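So the structure is just underneath, and the comments pick up after that.
All of the numbers you see were taken from the coordinates with simple rules; none came from a lab. In this text, all values refer to a predicted model and were calculated from it rather than measured experimentally. Neighbour counts are summed over all protein chains in view; Cβ atoms, including those assigned to glycine, are modelled from backbone coordinates with ideal geometry.
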Amino acid sequence: MEKLVVIGSGVVGQATGKGFIAMGHEVVFCDINPETLAKLGSQGHKVCPPELLEQEQGIKAFFLPISTPTVDGKIQLGFLKGAVANLGMGALKKNNDYCIVVVRSTVPPNTTEGSLIPLLEKYSGKKAGKDFGVCMNPEFLREGRALEDFINPDRIVIGEYDKRSGDRLAELYSGFNAPIIRTNIKTAEMIKYASNAFLATKISFVNEIGNLCKKLGIDVYDVTNAMGLDKRIAPHFLQAGVGFGGSCFRKDVEALTHKSKSVNNEARVLSAVLDVNALQPMKIIDMLGQKLGDFNKKRVAILGLAFKDNTDDVRDSPSISIIRNLVDQGADIVCYDPKAENNMKKLFPQIAYAESAVDAIKNADACLVLTAWKEFGKLKDQDFDSMRQRIIIEGRRVLDRTKVRDFEGVCW
Ligand code: UGA
C-alpha cells in the first residue's frame, strides 16, 4: 500500500483516487474548493486543503487531474500551472523521499516538459529525474462511468520522463488487468488528444452519412449496424443524432486544431469534425420548420437536456443551441430532463420545466427528443395523444418503435 495524493478532486480526480483506494492504496484528496473536500470527507475519505499539503509525508505520487478549459480554441493552463507552482513550493519541496508528479490533465504535446517541469523545478529547487520523477498519464474516463472506466481500462498509458518515473507509476498500476503502454511524455499527451479526436470524428462522420441517408430515404442505423460488424470499424460511437456535447470533445478537438496551426500544419479533418457538429443540431430545427412552419407561439416540448444520459451536465449540450434558436424564433418551450433541469435553468430561466416527460408533451405542437435517457424508451403511443399536433422528432434514437408510431429521426 502506497500513499498517494490527488490534487484536483473533480470527476477525474475522484475516480482516480477512489480507484486507487479500491486497489488497496491510501489516498489523500486535495482541492481548492472546500465544499468538494467536505463532501469527500463526509464519505470517509482523507482530505487536505492545498495550504496544508506540505505537512503530509511519505507520499509516493502526486496526481494532477486539473481542468484545462479552452477559450477561443486556446487551452487555458492557469489552474494547472497554479497547482503545479503550489506543489513545487510546498509539498514537493518538503517531501523528503523520491516521489513522482503525475500529470493527468489533458494538455497539448510539449506542455509537461515545456512548461510544467520547469515550474516544478523552479519552485521546489529540486531537479526532475534526480530528486523527483514525472509522468504524464492521460485519462480515458467517461462522465457518469468514470470509476468503472478507471477500474476496467482498455489500456493504461504512461508517458515517462525517465525509466525510474515510469517504473514507479507502473508499480501503482500493477494490479490492473490492462496493457500498460510506456512512451515518452509528449507521445502520451498526444495519445489522449488523438483518442478523443478520433471518437469525435467517428460521430461527425456518422452524422454526415446520416444526413445523406435521410435525403435518400435510408435508415442510417441499418447502415451502421452492418458497418460495425467489420472488426476494423467496430460498432461503438456510430450513433447518429443531434451531435456530440460535453466538456471534452469540442474542447480537445479545438485545442488540437490550435496546436496544429501553431506549427504551421492545417488539420483539415479536425476542422470539418467541428463544423459538422456545430451544424448538426440545426438539422432538427430545419425539419421542425418544414413540419410546423412558423415557430411563433408554438409550444415545443423538449425531452432531454443533458449532453448524454446519466448525467446532469449540460455543458456544450446540443439542446442549448436548439432551445436558443427556438426561443429566438418565438416558440414556447417546455422541457423535461430527469437530472439536468436545474443546470439548464441557469442558462434559460425564462422557459418552462416539466415534472415528467408526459407533462412536457401535453398540448405541445411538437416534441423533440434530445438525450437518450432510458425512461424515454418506455413512452407509449397514448403518452403523445395529448399533443395538439403529433409532430415528434427523434434526435437520439431512444423512442421504441414498437411502442410509439409516427415519429421521425433526425437523420434516419
Ligand atoms: C469523452 C470520452 O468518451 C472519454 O474517453 C474521455 O476520457 C472524456 O471524453 C474526457 O476527455 O474526459 P464524455 O465526454 O464523458 O467522455 O462522453 P461520451 O460518452 O464520450 O459522449 C460524448 C458525446 O458524444 C455525448 O453528447 C454523446 O451523446 C455523443 N455521442 C456518443 C454520439 O452522438 N454518438 C455516439 O455514437 C457516441
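Odds and ends about this structure:
- Region 85-146 and region 380-412 have their alpha-carbon centroids 51 Å apart.
- Size descriptor, Kirkwood hydrodynamic radius, that averages inverse alpha-carbon separations across region 9-115, Å: 14.6 Å
- Normalised by the number of residues in the chain, the average gap of Cα pairs under 8 Å and 6 or more apart makes the relative contact order 11 percent.
- Dipole of the chain, positive end: most advanced residue of 272, 59, 161 [Cβ charges, Cα centre]: 161
- Whole-Hz ³J(HN,Hα) from phi, Karplus 6.51 cos²θ - 1.76 cosθ + 1.60, for region 395-405, glycine and proline x: x, 9, 6, 10, 5, 9, 4, 6, 10, 10, 9
- Of all lysines in the structure, the ones whose alpha carbon falls short of 23 Å from that of residue 46, not counting any fewer than 8 places away in one chain, are 3, 18, 60, 93, 94.
- Phi-based couplings in Hz for region 250-256 (Karplus 6.51, -1.76, 1.60; Gly and Pro marked x): 4, 4, 6, 5, 4, 5, 5
- Cross-link reach list, aspartates and glutamates versus residue 291, counting only Cα pairs under 17 Å and skipping chain neighbours closer than eight places: 332, 365, 394, 406, 408
- When the GluC sites (Glu not before Pro) in region 338-379 are filtered for DSSP coil states and for at most 14 other beta-carbon atoms within 10 Å of their beta-carbon, the remaining sites are 355.
- Farthest toward positive dipole pole in region 3-192 [+1 Lys/Arg, -1 Asp/Glu at C-beta], among 38, 70, 103: 103
- Amide hydrogen proximity for residue 61: with H placed 1.01 Å from N in the peptide plane, the residues at 5 or more positions away or on another chain lying under 5 Å are 5, 100.
- Normalised by the number of residues in region 281-409, the mean separation of alpha-carbon contacts (under 8 Å, six or more apart) gives a relative contact order of 26 percent.
- One Cα centroid belongs to region 267-335, the other to region 44-83; the line between them spans 35 Å.
- For the peptides 149-158, 94-103, the ranking by mean Cβ contacts within 10 Å, running from highest to lowest, is 94-103, 149-158.
- Around the amide H of residue 158, modelled in the peptide plane, lie the amide H atoms of 181, 182, 183, all under 5 Å away and 5 or more residues distant in sequence or on another chain.
- For region 263-299, applying the loop criterion from DSSP together with a ceiling of 12 other beta carbons within 10 Å to the trypsin sites (Lys or Arg not before Pro) yields 297.
- Residue ranges 326-336, 343-353 sort as 326-336, 343-353 when ordered by packing (mean number of other C-beta atoms within 10 Å per residue, highest first).
- Backbone amide hydrogens, once placed in the peptide plane, bring residue 66 within less than 5 Å of 104, 105, excluding anything fewer than 5 places away on its chain.
- Debye, to nearest 20: dipole size of the chain, +1 on Lys, Arg Cβ, -1 on Asp, Glu Cβ: 480 debye
- Gained length - residue 296 relative to residue 263, 0.36 nm times residue gap less alpha-carbon distance: 7.1 nm
- Per residue, the average separation of C-alpha pairs within less than 8 Å and at least 6 apart gives region 3-192 a relative contact order of 19 percent.
- The HN-Hα couplings worked out from phi for region 197-204 by the Karplus form 6.51 cos²θ - 1.76 cosθ + 1.60 (θ = phi - 60°) are 5, 5, 4, 5, 5, 4, 5, 5 Hz, whole numbers, x standing for Gly and Pro.
- Order of 408, 121 - criterion: other Cβ atoms within 10 Å of each residue's Cβ, fewest first: 408, 121
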